[in-house]
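The values are calculated or read from the model by the stated rules, or taken from the named source; none is laboratory data. The shown structure was predicted, so the numbers you read here are calculated from the model rather than taken from an experiment. Cβ placement follows ideal geometry from the backbone for every residue including glycine, while neighbour counts extend to all protein chains displayed.
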Ligand SMILES: NC(=O)c1ccc[n+]([C@@H]2O[C@H](COP(=O)([O-])OP(=O)(O)OC[C@H]3O[C@@H](n4cnc5c(N)ncnc54)[C@H](O)[C@@H]3O)[C@@H](O)[C@H]2O)c1
């Protein structure tokens with residue numbers, strides 16, 4: 001039996017509509033100034049679908065386009081989301097392995113990526129993902145030349161650099177989800193410990209997403225109270241190692257989820273949806289995201305690397321970077337990550 005996804009595939013669309021509704025006389029066409037928001041998600045695996053469903057439930061787009069290299073899985077995911085239409089804000093959902101489906105997107109979110117194979121070096125993984133991004137980024141840029149590009153696939157900082165190079169877009173329009181998720185894990189752990197709402201915890205992890213991310217201890221506050229100076233005022237002793245063990249717990253929490261359920265999805269889904277909202281609704285909110293970091297905190301101007309720094313996000317992408325105070329150790333670690341990434345990128349030949 002032929003499967004259909006909508007009445008228009010049965011050839012009934014326009015006739016049925018005319019039978020139910022009569023147009024107003026002298027009706028004007030829709031306002032040309034009304035902006036429809038279109039988001040495309042590339043890769044409909046665990047992460048892509050968590051992002052897609054959060055975008056739908058949070059009513060962030062008028063149109064959602066999905067792309068994946070596996071046509072059956074892609075169509076299955078599209079139908080499954082379409083079948084929830086009765087419970088969701090109205091959003092047109094379409095899907096195709098052909099990038100034409102993404103045309104005129106406001107935001108393209110890339111989650112497609114090769115997974116690390118046992119024994120494979122980081123550089124080999126990057127090389128495989130570079131080949132994949134060569135298939136993905138140029139058509140996205142061609143079909144949506146004014147879009148914002150948001151990279152989620154790992155290793156996110158290097159892949160954001162690759163997406164920037166392959167797209168030819170200005171750097172403010174190419175962003176990596178970076179440490180936005182690490183920072184949310186950090187806020188959760190602190191909030192859980194202090195029994196407060198995580199939304200009242202201001203805490204940033206910056207730098208490279210993952211193992212070598214840097215926790216900005218001096219800028220952490222809870223309900224407006226700076227944490228480190230409050231500990232000092234109350235003469236509560238703390239050791240640098242204790243703080244470092246908390247940072248490691250943040251990094252380890254991702255590995256724990258992967259060990260237990262095989263992948264991470266819900267938190268990255270909410271994290272990316274929060275970035276989509278700040279960007280497309282021009283919220284000017286501060287998020288730690290991966291951006292072109294050369295020239296910041298002593299990163300040399302010739303090191304074209306993407307690293308996470310707290311940035312003001314809006315409809316134009318990265319609007320500016322917050323002037324946070326880093327200790328000498330924090331900025332040294334940032335520069336060391338920048339150097340490592342630059343060395344990897346130099347071997348890519350793009
Ligand atoms: N930045 C972060 O904070 C963060 C968090 C979690 C996961 N991730 C990363 O997100 C990526 C996706 O993770 P996942 O669990 O969804 O993986 P997954 O294997 O479930 O999904 C990947 C999808 O990409 C598709 N794909 C592969 N090549 C493609 C191509 N050329 N064109 C279109 N689609 C293609 C696959 O068919 C698959 O559906 C990984 O790189 C993962 O490491 C990043």
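Filter segment 129-170 for residues that are part of a helix (DSSP H, G or I), more than 21 Å from residue 99 (Cβ to Cβ) and either free of Cβ contacts under 8 Å to residues at least 12 places away in the same chain or near the ligand (Cβ under 8 Å from one of its atoms) (or both) and give the result. Even if it seems obvious, please write down each step before you answer.
Filtering segment 129-170 for residues part of a helix (DSSP H, G or I) gives 129-143, 156-167.
Pick out the ones that are also more than 21 Å from residue 99 (Cβ to Cβ) and you get 156-158, 161.
Listed by number, the list holds a single entry, 156.
Looking only at residues in segment 31-52 that are surrounded by fewer than 20 Cβ atoms within 10 Å (Cβ to Cβ) and modelled with pLDDT of 95 or more, which one is farthest from the ligand (Cβ to nearest atom)? Give the steps one after another, and end with the answer.
Step one: list which residues in segment 31-52 are surrounded by fewer than 20 Cβ atoms within 10 Å (Cβ to Cβ), which gives 31-37, 45-46.
Next, from what is left, pick out any that are modelled with pLDDT of 95 or more: 37, 45-46.
Values: 37: 22, 45: 2, 46: 4 Å.
By that ranking, first place goes to 37.
Could you figure out which of (1) within 16 Å of the ligand (Cβ to nearest atom); (2) touching a strand residue (DSSP E or B) at 6+ places or on another chain (Cβ under 8 Å) isn't true of residue 194?
If we test residue 194 against (1) within 16 Å of the ligand (Cβ to nearest atom); (2) touching a strand residue (DSSP E or B) at 6+ places or on another chain (Cβ under 8 Å), just (1) comes out false.
Search segment 107-119 for residues that are under 17 Å from residue 70 (Cα atoms) and assigned by TED's automatic domain parsing to the domain that holds residue 135 and pair each with any residue that is near the ligand (Cβ under 9 Å from one of its atoms) and in a loop (DSSP other than H, G, I, E, B) when their beta-carbon atoms are under 6 Å apart and the residues are at least 6 apart or on different chains.
Listed by first residue and then by second, the contacts come to 110/153; 111/43; 111/152; 111/153; 112/43; 113/153.
Being under 18 Å from the mean Cα position of the chain (by Cα) and farther than 21 Å from residue 146 by Cα is the filter here; which residues of segment 91-111 pass it? Walk me through it before giving the result.
Here is the first cut: in segment 91-111, the ones under 18 Å from the mean Cα position of the chain (by Cα) are 102, 105-111.
Selection gives nothing.
Can you go through 197, 180 and tell me which one is closer than 25 Å to residue 122 by Cβ, in contact with a helix residue (DSSP H, G or I) (Cβ under 7 Å, 6 or more places away or on another chain) and modelled with pLDDT of 90 or more? Walk me through how you get there before you give the answer.
Numbers: 197 fails: closer than 25 Å to residue 122 by Cβ.
Going through 197, 180 in turn, the sole match is 180.
Within segment 201-285, considering only helices (runs of 4 or more DSSP H) that don't extend past its boundaries, which have at least 2 residues that are farther than 30 Å from residue 59 by Cβ? So that I can check it myself, show each step before the final result.
Details: elements: 227-233, 240-261, 266-280.
Ranges flagged: 227-233, 240-261.
Under 8 Å between Cβ atoms, at least 6 apart or on separate chains: pull out the pairs that start in segment 319-345 with a residue that is within 15 Å of residue 306 (Cα to Cα) and end on any residue that is at pLDDT below 90 and part of a helix (DSSP H, G or I).
Short answer, once both residue conditions are applied: 344/122; 344/123.
Mind telling me which of the residues 227, 272, 289, 250 ends up being surrounded by 15 or more Cβ atoms within 10 Å (Cβ to Cβ), over 13 Å from the mean Cα position of the chain (by Cα) and within 16 Å of the ligand (Cβ to nearest atom)? Can you show your working first?
Numbers: 227 fails: within 16 Å of the ligand (Cβ to nearest atom); 272 fails: over 13 Å from the mean Cα position of the chain (by Cα); 289 fails: over 13 Å from the mean Cα position of the chain (by Cα).
None of the other options fit; the residue is 250.
Just one of (1) farther than 11 Å from residue 318 by Cα; (2) under 19 Å from the mean Cα position of the chain (by Cα); (3) surrounded by 18 or more Cβ atoms within 10 Å (Cβ to Cβ) trips up residue 278, so point out which.
Unmet for residue 278, out of (1) farther than 11 Å from residue 318 by Cα; (2) under 19 Å from the mean Cα position of the chain (by Cα); (3) surrounded by 18 or more Cβ atoms within 10 Å (Cβ to Cβ): (1).
Just the residues that are touching a helix residue (DSSP H, G or I) at 6+ places or on another chain (Cβ under 6 Å) and near the ligand (Cβ under 9 Å from one of its atoms), please, taken from segment 114-128.
114, 116
Could you tell me which of the residues 122, 173 is surrounded by fewer than 17 Cβ atoms within 10 Å (Cβ to Cβ), within 21 Å of residue 304 (Cβ to Cβ) and in contact (Cβ under 8 Å) with a residue 24 or more places away in the chain? It would help to see each step written out before you state the result.
On the way: 173 fails: surrounded by fewer than 17 Cβ atoms within 10 Å (Cβ to Cβ).
Exactly one of 122, 173 is surrounded by fewer than 17 Cβ atoms within 10 Å (Cβ to Cβ), within 21 Å of residue 304 (Cβ to Cβ) and in contact (Cβ under 8 Å) with a residue 24 or more places away in the chain, namely 122.
Looking at segment 143-155, which of its residues are crowded, with 24+ Cβ neighbours inside 10 Å and farther than 21 Å from residue 104 by Cα?
Passing the criteria: only 153.
Does residue 213 qualify as being buried (at least 18 other Cβ atoms within 10 Å of the Cβ), within 16 Å of the ligand (Cβ to nearest atom) and over 20 Å from residue 274 (Cα atoms)? Steps first, please.
Working: buried (at least 18 other Cβ atoms within 10 Å of the Cβ): yes; within 16 Å of the ligand (Cβ to nearest atom): yes; over 20 Å from residue 274 (Cα atoms): yes.
So residue 213 passes the test.
Across segment 104-113, which residue is surrounded by the fewest Cβ atoms within 10 Å (Cβ to Cβ) among those that are over 13 Å from residue 276 (Cβ atoms) and within 7 Å of the ligand (Cβ to nearest atom)?
In this case the residue turns out to be 112.
Residue 299 passes all but one of (1) under 25 Å from residue 187 (Cβ atoms); (2) crowded, with 21+ Cβ neighbours inside 10 Å; (3) free of Cβ contacts under 8 Å to residues at least 40 places away in the same chain; which number fails?
Of the numbered conditions (1) under 25 Å from residue 187 (Cβ atoms); (2) crowded, with 21+ Cβ neighbours inside 10 Å; (3) free of Cβ contacts under 8 Å to residues at least 40 places away in the same chain, the odd one out for residue 299 is (1).
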